[in-house]
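Working notes, structure below.
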Amino acid sequence: MDASQNQEPAEGTPLIAPSTTEHPLYEPVVDACRTVFDPEIPVNIYDLGLVYTVAIDPENKVKIVMTLTAPGCPVAGEMPGWVQDAVGSVPGVQDVDIDMTFDPQWGMEMMSDEARLELGFM
């Protein structure tokens, strides 16, 4: 097998795809994500680090890759709909696709400084 057939990600390849931060809808979409809270933790899902990627294409279709604090989270079936509703209400957003993943697994190090402060970890 030659190197071109190797399916392993290249060293240094991020596990989380980059977000479309330059798109004009990026900040409003992030703000919408910040309106969704994990019911067991008094911090929004964005600052908790549950939103891995916010990708917005030229047609203003949004794809969010996110996770949960644990695979057995009691709202696992509901949270994607909450995020879809919140982001779908942003003016200009044409469509919202939510992909759930557990790779990489969420960890407390993914929280923002604001979330760590809110939860007493700083």
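The values are calculated or read from the model by the stated rules, or taken from the named source; none is laboratory data. Given the structure is predicted, the values throughout are model-derived calculations rather than measurements. Every residue, glycine as well, gets a Cβ built from its backbone with ideal geometry; the counts of neighbours run over all protein chains shown.
Tabulated values for the structure
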{"item": "Every pair of residues 6+ apart whose Cβ atoms lie under 8 Å, when the first sits in region 111-122 and is touching a residue at least 40 places away in the same chain (Cβ under 8 Å) and farther than 13 Å from TYR46 by Cα while the second is surrounded by 15 or more Cβ atoms within 10 Å (Cβ to Cβ) and among the charged types (D, E, K, R)", "result": "GLU118/ASP47"}
{"item": "Answer residue from region 43-102, given it is of a type in the set (Gly, Ala, Ser) and in a loop (DSSP other than H, G, I, E, B) and is surrounded by the fewest Cβ atoms within 10 Å (Cβ to Cβ) among those", "result": "GLY72"}
{"item": "Residues being in a loop (DSSP other than H, G, I, E, B) and either without any contact (Cβ under 8 Å) to a residue 24 or more places away in the chain or of a type in the set (Asp, Glu) (or both) - total across region 32-42", "result": "3"}
{"item": "Odd one out for LEU25, checked against (1) in contact with a Gly (Cβ under 7 Å, 6 or more places away or on another chain); (2) of a type in the set (A, V, I, L, M, F, W, C); (3) at pLDDT below 95", "result": "(3)"}
{"item": "Residues satisfying the stated conditions in region 70-108, i.e. in contact (Cβ under 8 Å) with a residue 40 or more places away in the chain and acidic (Asp, Glu)", "result": "ASP103"}
